[in-house]
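The next block holds one structure in the form of structure tokens; read it before the comments.
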Amino acid sequence: MSELTFYFRRATLEDIEILRELWQTALFPIQELEKRLTEFQIVEGMDGRIFGALGAGVQGEEAWVHHEVFVHPEAEVAVRAKLWNRLKILFGNQSAHRVWTCEKADFWKQIGFRKPTEEESAKFPADFRHDGNALLVYPLKDLKAERMIENKIMELQAAREEEEVTLGKKTRIVRVIAFSLTGFFMVILIYYTIRAMMALPQIRP
């Protein structure tokens, strides 16, 4: 399998028969999965052979990886990492914050899936029904870090607005002082101009 070129694509109605065979072999609920056909990513060789499939759905901020099945064990090792990279892009494009799975393969824990916290578990969508296996979660985004960044941005914006208000007040004060000084010097100038004009006749012989 490692010498074979393969690619991933979304399942279509043309794949239903081969998927039914795969699901039946894995003892998956065929009728239920048929309704979610378009969620499945197909692993296909360049010769047209199907090597496996994996369900991947998104609901709001939650994503769901489910009902993984491969034709040969070798296929799992060869494609899982690349398939996961593809899924992360797909989930990220749909603004998902977390990915959930009940898959048993060690691969999922190795890449960072873990037991969810109570707070995370409360966000698990009821539509993502699982078969009782241990529920694992993979945070696509660090929400705490995002909140800290958002709070910092808000603080910086507030500080900038405060600086703008302070600068505006100082500018108005400077203008008032400038106008006052200008008026004062104008008065002085007029005063001495008038005195000079009044003194001119006395200077003449």
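Worth pointing out:
- Once the Cα-Cα distance is subtracted from the 0.36 nm per residue extended length, the Glu32 to Phe179 segment shows a gain of 44.8 nm.
- Shape class of region 24-89 from the alpha-carbon gyration tensor: oblate, with a/c at 1.5 or above and b/c at least as large as a/b.
- Inter-label distance, nm, simple model (7 Å from Cα along the C-beta direction), Leu13/Phe107: 3.1 nm
- Arg20/Arg129 FRET efficiency (R0 25 Å; Cβ-Cβ; nearest 0.05): 0.80
- Backbone geometry of region 19-36 corresponds, through the Karplus equation with coefficients 6.51, -1.76 and 1.60 at θ = phi - 60°, to 3J(HN,Hα) couplings of 5, 4, 5, 5, 5, 5, 4, 8, 6, 8, x, 4, 4, 5, 6, 4, 5, 10 Hz, x marking Gly and Pro.
- Above-threshold pairs, the threshold being 19 Å between Cα atoms, out of Lys88/Lys109; Lys115/Lys141; Lys35/Lys88: Lys35/Lys88
- Spin-label model, Gln59 to Lys170: label points 7 Å out along the Cα-to-beta-carbon direction sit 5.6 nm apart.
Computed from the coordinates by the stated procedures, all read-outs in this text should not be read as laboratory data. Model, not experiment: these values are computed from the prediction. Don't worry about glycine lacking a Cβ; one is built from the backbone with ideal geometry, like all the others, and counts go over all protein chains shown.
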